[in-house]
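Engineer: I am attaching a structure below and will ask some questions about it afterwards.
A short reminder: the numbers here are calculations on the coordinates, not readings from a lab. A quick note: this is a predicted structure, and the numbers were derived from the prediction, not measured. Don't worry about glycine lacking a Cβ; one is built from the backbone with ideal geometry, like all the others, and counts go over all protein chains shown.
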Amino acid sequence: MIMNDRTLTLKIERAISELRRGGKIVISDPNSRYSVLLVASELIQKDTVQDLSERALSRPTIILSNNRCNAIGIEITDQSCSILIDKDWSLHDVLSLCMPLTGHKIPIINGVIAESNESIVFYCLLILRQSRLLPAGLMSTVSNVAPENINQWAFNNNLIHVNISDIKYYEKNTAESLVMSVKAKVPIAETENCEIIIFRPKDGGDEHFCLVFGKTRQIDTELEHNTLVRVHSQCITGDVLESLKCDCGQQLKQSIKIMAQANEGVLIYLAQEGRDIGLLNKLRAYSLQETGMDTVEANEDLGFNDDERLYYPVKEMLSQLKITKVKLITNNPRKVENLSKLGINVTERIPIKIDPNKYNKKYLDTKSKKSGHIL
């Protein structure tokens, strides 16, 4: 990663922090010469709409992912949308469009615009997702500042300013900056011949780790043979609390057992809670499931895709471990496909057999029927 990329990554980290605390940021598209003020919908206050209007001198719009659009009855395929805020709408009216609210009716909607997947709206929603916030926001076009002066205007108003290209490449750049920061032996229940390696991005962002088993620890040169690999996304409820609502904890234990018995392998543990929607949103989805929704329906009602994970960190971690061929422990063919698209040579898929219980049977059925898992 060159120094310029490092600087841009740091700007996105600052922008994410600002959004997560309810602040506003400026996003620019140099191609269209548009700049907007953005705030996360779930963190708006009573005066947010008025403040956006006064700062940008334009009427704010609500921006929603295509999944959230469909959830509230706006039929859009693979596109986000923007909705001009009606002057008579209350704060609850605005929030009811952006997130499921118990007991509040969605207002009558006019002025819906379908947005392209290269529009500034698309990248506003992308940075919200990168922030582990709901993919819904309030946006105002900055109409009172010339494009060449937008950076100075943002600075004068104590606002963080980023371009859409910064957002587009953030996750890839962060993954490419991962550094093997520490390595330590860690005996576990299944084997004493195991070590943990922490990978930390140079410029902030999430840390990931891996467990390296048996003979895989002892080879410092490039591994020509197929290496057992499990790519496991963080699941605090399943991995730590042993929740019966999912099979994540069982898959983790089975994978460790397989590698310990084989005396080789790498367990990559990604900081991607809830298929990368974050713990808070995962628990929001749990609440929706209590109303009868399945996991896919709940995620989509919140505005997310069924699976928001990206696997750039896996490619970088395997590269630093000098592993070139993998036998992937997974029931998810899409994971094989996604890793292969990144250039990872997946030579074999090794399934994991998990017995369902009365709490996760619907979850496993949904995984099979809607998410393509082979169970």
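Engineer: Pull out the extension gain between T347 and T291, defined as 0.36 nm times the separation in residues minus the alpha carbon to alpha carbon distance; nm, one decimal. Don't skip to the end; give the middle numbers.
Structural biologist: On the way: separation 56, 0.36 × 56 = 20.16 nm, distance 4.14 nm.
Gain in length upon complete extension: 16.0 nm.
Engineer: Sticking with this one: Using the Cβ atoms and a cut-off under 12 Å, what net charge is assigned to the surroundings of I27, where Lys and Arg are +1 and Asp and Glu are -1? It would help to have the intermediate numbers written out before the result.
Structural biologist: On the way: positive: K11, K24, K168; negative: E18, D29, D166.
Local net charge: 0.
Engineer: Please list, in chain and number order, the residues 5+ apart from S181 or on another chain whose amide H is under 5 Å from its amide H, with Hs placed from the backbone.
Structural biologist: The list, which skips near neighbours in sequence, is I198, F199, R200.
Engineer: Also: Straight-line reach from K367: which lysines fall under 17 Å, measuring Cα to Cα and dropping same-chain residues less than 8 apart?
Structural biologist: Leaving aside lysines fewer than 8 places away in the same chain, those within reach of K367 are K245, K282, K335, K353, K358.
Engineer: Expressed in nm to one decimal, what extension gain is obtained for the pair I236 and K215 from 0.36 nm per residue of sequence separation less their Cα-Cα distance?
Structural biologist: Here the answer is 4.6 nm.
Engineer: So what is the 222 nm mean residue ellipticity for the chain from helices alone, if each DSSP H run of at least 4 adds -39500 (n - 2.57) and you divide by all residues, rounding to the nearest 500 deg cm²/dmol?
Structural biologist: Rounded to the nearest 500, it is -10500 deg cm²/dmol.
Engineer: Rounded, prolate or oblate for the range 48-119? Axes are the square roots of the Cα gyration tensor eigenvalues, ordered a ≥ b ≥ c, and the cut-off for rounded is a/c under 1.5.
Structural biologist: Cα axes put the range 48-119 in the oblate bin.
Engineer: Can you give the % of DSSP beta bridges in the chain that are antiparallel, to the nearest 5?
Structural biologist: On the way: 41 of 59 bridges.
Of those bridges, close to 70 percent are antiparallel.
Engineer: Taking each pair of different alpha-carbon atoms in the range 233-341 once, compute 1/r for the pair, average those values, and report the inverse of that mean as the Kirkwood hydrodynamic radius in Å to one decimal.
Structural biologist: 15.3
Engineer: Taking the Cβ-Cβ separation of L43 and L244 as r and a Förster radius of 56 Å, what is the calculated FRET efficiency to the nearest 0.05?
Structural biologist: According to the calculation, E is roughly 0.95.
Engineer: Let me ask another. At 7 Å along the Cα-to-beta-carbon direction for both I108 and Q152, put a label point, then send me their distance in nm to one decimal.
Structural biologist: Output for this residue pair reads 4.7 nm.
Engineer: When we measure straight from the Cα of K185, which aspartates and glutamates land under 18 angstrom away, once same-chain ones fewer than 8 places off are left out?
Structural biologist: Result set, ordered by chain and number: E195, D220, E264.
Engineer: Report the gain in length on full extension from A262 to L283: 0.36 nm times residue separation, minus Cα-Cα distance, nm rounded to one decimal.
Structural biologist: Stretched out fully, the A262 to L283 stretch lengthens by 4.0 nm.
Engineer: Let me ask something additional. Note the listed values [x] 22.2; [y] 23.0; [z] 25.5, then indicate which one is Kirkwood radius over Cα pairs in Å calculated from this particular structure.
Structural biologist: Computed from these coordinates, Kirkwood radius over Cα pairs in Å corresponds to label [x].
Engineer: Sticking with this structure for a sec: Note down the net charge around V112, summing +1 for each Lys or Arg and -1 for each Asp or Glu among other residues with Cβ under 13 Å from its Cβ.
Structural biologist: Result for the neighbourhood of V112: -2.
Engineer: Right, next: Which FRET efficiency value, to the nearest 0.05, do you get for L84 and K358 by plugging their Cβ-Cβ distance into 1/(1 + (r/R0)^6) with R0 = 51 Å?
Structural biologist: 0.60
Engineer: Could I ask something else about it? For the range 7-63, rounded, prolate or oblate, judged on the Cα gyration tensor with a ≥ b ≥ c (square roots of eigenvalues), a/c < 1.5 rounded, else prolate if a/b > b/c? The partial results should precede the final answer.
Structural biologist: On the way: a/c = 2.44, a/b = 1.19, b/c = 2.05.
It is oblate, given that a/c is not under 1.5 and a/b is not larger than b/c.
Engineer: If amide H atoms are built 1.01 Å from N in the plane of the peptide, which residues on other chains or at least 5 residues away come under 5 Å of the amide H of A136?
Structural biologist: Here S41 satisfy the definition.
Engineer: Using label points projected 7 Å from each Cα along Cα→Cβ, tell me how many nm separate Y312 and R59, to one decimal.
Structural biologist: If labels sit at Y312 and R59, their model points lie 3.7 nm apart.
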